[in-house]
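**Q** Structure below; questions to follow.
Only the coordinates and a few stated rules stand behind these numbers; no lab work does. Since we're looking at a predicted model, the values are computed, not measured. A quick note on method: Cβ atoms are made from the backbone with ideal geometry, for glycine too, and the neighbour counts reach across all protein chains shown.
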Amino acid sequence: MSDEYDRDPAAAALRASLARHADEAPPGGMLAERIIHAAPTAAPGRGRRLWGWRTWALPLVAAGAVGAVVAAVSAIENYHPSAHGAPPAAPHTHTPSLMTSAPRPASPTPTGHAVAPAGQKGLRGVRVLDLTFAGVDEGWALASADCVSGPGRCTALLRTTDGRTWRDVRGGGFNVPGVRNCADPCVRHLRFANAQVGYAYGEGAFFMTTNGGRSWSRAKGGAILLESLDNNVVRVTSSGTGCPGPCDIRVETAPLGAANWTAGDLAVRGPLSGSDVALSRGGSAAYLLLRRNPAGGAQDATSTLYSSTDDGRHWSAAGEPCPQGSPEVDSVAVTAAPDGRVSVLCTERSAQHGSFVANSTDAGRHFARQAGTVPAATAGLLTGDAATVLVTGGTGLARSTDGGATWRTMPDVTGAVTFIGFESRQVGRAVTDGGRSIWTTRDGGATWSAVRFS
């Protein structure tokens, strides 16, 4: 180095910073092993829960210390003092974004965005059908959009790595609702287990990707529900004919990315059917809520909750989870959490449709009704954990932080909610406006901001 460089005070400061970061950096030989050891082997599909997200903090801090050393070395190598003894101003650079931002409004209303995927032409008319996250900010959206070449609607698969900007992922080869009348192969849902392994499925079609959605392979059969957690996948299948709802309901399990499926034991005799079915997972527990059809003279029909404590391999019937009264009460939705906690959304079968939540701490064997009444306009979907935060969705959102004893409506989120899910205790998403808006909360549902598609 030159004498001028050695005498410059800014250069001396950079050298001191380099020495300080070098002292703080962890031993290099163990850094990779620490990161790999702390990385979760699989993240849940649908982004319902990622309870192990805090395990990334310390490895990232260690990696950040090494990065700081590298940055300091780069700064010294590229530093050239000016004639006045001060470093020149760094030129302003702009990294192109795959999403264009709308002008920021003067009011606190969340800023909207329009998708601009890879290439020169942006997708228009995006309508999100389903949403899935393999981490707090790494997610995929199954959607339809205006075809880029020619008229009509086409299937769109979008991906984000920051939870805010979305880009088009080429691939798929399947139809979705609103595209060609969802002719075979028809896919209605999307779930990713981790950054590479994902599933796109419908009642008669089933696809899997092992490279983050860049290519898909079709497998036999289909699915009406699927959730991944705890290093395996649970899917629910149905013949889909001859019943008011799903017919001949079956459960199957498989390791992540595997092509072969094993039938789960539901411990029932004969075919199982109902008007609707819901699936939720928490830890090694899984819950299948089968709703009955009270129409056609079966006004006393109730739901049945099936629970599994071994990742969907064996199941037992726990009966109707919602405490009954007058009028009768229907189980509407179910959400699971670790350590045997599970909650159900219950709606009275009357003109008022009053709703409440019932919670269990023993894997669904016993439920206790909570005193709070869910705002009627929001009852329909349920996510979260009674030990932290519960959120219901329907027409807008409502939030409870005391297990359902009290509820508060979220005024920012309006319109019909078609998806809600939490990726961690703090980060969650909702889809509204017919798939035009994806809402994000980063404070456990207290506040929400929207990304809006054109």
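**Q** Can you classify segment 367-454 as rounded, prolate or oblate using the Cα gyration tensor, where a ≥ b ≥ c are the square roots of its eigenvalues, rounded means a/c under 1.5, and otherwise it's prolate if a/b beats b/c and oblate if not?
**A** Taking the square roots of the gyration eigenvalues as a ≥ b ≥ c, segment 367-454 is prolate.
**Q** Below 10 angstrom from the Cβ of Gly264, what's the summed charge of the other residues (Lys, Arg +1; Asp, Glu -1)?
**A** -1
**Q** Now a separate question. Taking Cα centroids, how far is segment 141-187 from segment 379-400 in Å?
**A** Value for the Cα centre distance between the two parts: 28 Å.
**Q** For an R0 of 56 angstrom, estimate the FRET efficiency from the Cβ-Cβ distance between Thr388 and Val148 and round to the nearest 0.05.
**A** The computed FRET efficiency comes out at 0.85.
**Q** What spacing in nm lies between the two simple spin-label points modelled at Ser326 and Ala377, each 7 Å away from Cα in the Cβ direction?
**A** 3.2
**Q** May I pose another question? Could you give the length gained on full extension between Asp339 and Asp248, defined as 0.36 nm per residue of separation minus the Cα-Cα distance, in nm?
**A** Residue separation times 0.36 nm, minus the Cα-Cα distance, leaves 29.7 nm.
**Q** Once you put a point 7 Å from the Cα of Ala368 and another 7 Å from the Cα of Asp265, both along the Cβ direction, what distance in nm separates them?
**A** 3.3
**Q** Excluding Thr406 itself, what net charge comes from residues whose Cβ is under 15 Å from its Cβ, given Lys and Arg +1 and Asp and Glu -1?
**A** +2
**Q** Just to be sure I understand the curve: with the Debye formula and one point per C-alpha of segment 167-228, what is log10 I(q)/I(0) at q = 0.21, 0.26 Å⁻¹?
**A** -0.78, -1.15
**Q** Label segment 300-407 by shape, choosing from rounded, prolate and oblate, from the square roots a ≥ b ≥ c of the eigenvalues of the Cα gyration tensor; if a/c is under 1.5 it is rounded, and otherwise prolate applies when a/b is larger than b/c, oblate when it is not.
**A** Since a/c reaches 1.5 but b/c is at least a/b, the shape of segment 300-407 is classed as oblate.
**Q** Given R₀ = 35 Å, FRET efficiency for Ala258-Thr409 by Cβ-Cβ distance, to 0.05?
**A** Rounded to the nearest 0.05, the efficiency is 0.20.
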